[in-house]
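Engineer: Below you will find the structure I want to go over with you.
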Amino acid sequence: MNSKVYTVEEATKKLEHYCSYQDRCHDEVIKKLKSLGMVPQAVDHIIVHLIEDNFLNEERFACSFARGKHNIKKWGKFRIENELKLRNISKYNITKALKEIPHETYIENFHLLAEKQWNSILENNPQKKKKKVSDYLLRKGWESYLVYDKMNELESA
């Protein structure tokens, strides 16, 4: 628990900075406010202020989260969707966020990642190699039909 006691104004300024530094979801902001020792009424008041002044926008958060996790961590749609669900993002915003990833880019990134992983695994047994690469791609949240088609393609190459 934080030893400093924050006024609503101080907490509001602190959270404006917290939200402008990086897009946040409502859950992160509520958790942060609770860690500052804010009472529920103050939390609600600050959340409303942050939304009205566009510091907090769940749709914007979901879209930037999806783009970032796909482009940087090479996550597939299942992983992105599950991570957004864990953050209590609405189905509407999850759907909108997944549309942020162009289909061509998505497929291209999948093939590049699969081939890079395939080439990095030093395994002589083709079945074991296939399993290792498949497991890796499935953990990253890629669709199973993509993974299995790619494994068959790489194995026969």
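The values are calculated or read from the model by the stated rules, or taken from the named source; none is laboratory data. None of the values given here were measured: they were computed from a predicted structure. Note that each Cβ is placed from the backbone with ideal geometry, even for glycine, and that neighbours are counted across all protein chains shown.
Engineer: How do the helices (runs of 4 or more DSSP H) wholly within segment 62-154 filter down when requiring 2 or more residues that are surrounded by fewer than 12 Cβ atoms within 10 Å (Cβ to Cβ), at negative phi and not assigned by TED's automatic domain parsing to the domain that holds residue 19: which remain? Give the steps one after another, and end with the answer.
Structural biologist: Values: elements: 77-86, 91-98, 103-120, 126-139.
Filter on segment 62-154 gives 91-98, 103-120, 126-139.
Engineer: Okay, moving on. Could you tell me which residue of segment 90-145 is farthest from the chain's Cα centre (by Cα), considering only residues that are basic (Lys, Arg) and farther than 30 Å from residue 25 by Cβ? Steps first, please.
Structural biologist: Start the filter on segment 90-145 by keeping residues that are basic (Lys, Arg), which leaves 91, 96, 99, 116, 128-132, 139-140.
Within this subset, residues satisfying the condition of being farther than 30 Å from residue 25 by Cβ are 116, 128-132.
Details: 116: 22, 128: 30, 129: 28, 130: 27, 131: 25, 132: 24 Å.
If we take residues in segment 90-145 being basic (Lys, Arg) and farther than 30 Å from residue 25 by Cβ, then 128 is farthest from the chain's Cα centre (by Cα).
Engineer: Please enumerate the residues belonging to segment 29-55 that are of a type outside the set (A, V, I, L, M), part of a helix (DSSP H, G or I) and either touching a residue at least 12 places away in the same chain (Cβ under 8 Å) or within 16 Å of residue 19 (Cα to Cα) (or both).
Structural biologist: Within segment 29-55, the first condition is being of a type outside the set (A, V, I, L, M), and the residues that meet it are 31-32, 34-35, 37, 40-41, 44-45, 49, 52-55.
Filter again for part of a helix (DSSP H, G or I), leaving 31-32, 34-35, 40-41, 44-45, 49, 52.
Matches in segment 29-55: 31, 32, 34, 35, 44, 45, 49, 52.
Engineer: Answer yes if at least one residue in segment 5-25 is in contact (Cβ under 8 Å) with a residue 40 or more places away in the chain and assigned to a helix (DSSP H, G or I), and no otherwise. Quick ask: steps written out before the conclusion?
Structural biologist: Kept after step one, since they are in contact (Cβ under 8 Å) with a residue 40 or more places away in the chain, are these residues of segment 5-25: 15, 23, 25.
Narrowing the set further to residues that are assigned to a helix (DSSP H, G or I) leaves 15.
Yes, there is a match, as at least one residue in segment 5-25 is in contact (Cβ under 8 Å) with a residue 40 or more places away in the chain and assigned to a helix (DSSP H, G or I).
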